[in-house]
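> Below is the structure I would like to discuss, written out as structure tokens.
Read-outs: derived from the displayed coordinates by stated rules, not from any lab. Predicted, not measured: the structure shown is a model, and the values here were computed from it. Heads up, the Cβs are rebuilt from the backbone with ideal geometry, glycines too, and the neighbour counts pull from every protein chain shown.
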Amino acid sequence: MCPAGGASAGCCAAGRLHGELRADLDVELTLLMLSGPSFAQNVMQWSTRVAADTFAEDLVDAVLRGAAA
């Protein structure tokens, strides 16, 4: 696990343990998939077509669709 993951990594691990997330989920990769786009959008204003008020929720929903058990 990436040390920066901290609570997020623990949350993903708990989701796997409780059957909410895939048992074979790569937690570190999942956290990278969440943090990379967040950085690109929030720091670099990557896309003007992304709704700022729903970005975080939309991002998590998109990633979790692939991670769900």
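> Which of the following residues is at negative phi and under 10 Å from the mean Cα position of the chain (by Cα): D53, D26, D61?
Exactly one residue qualifies, and that residue is D61.
> Under 7 Å by Cβ, and 6 or more places apart or on different chains, what pairs join a residue from region 12-29 that is free of Cβ contacts under 8 Å to residues at least 60 places away in the same chain with one that is assigned to a loop (DSSP other than H, G, I, E, B) and surrounded by fewer than 14 Cβ atoms within 10 Å (Cβ to Cβ)?
Matching pairs, first to second residue: R16/A23; G19/A69; E20/A69; L21/A69; R22/A69; V27/M1; E28/M1; E28/C2.
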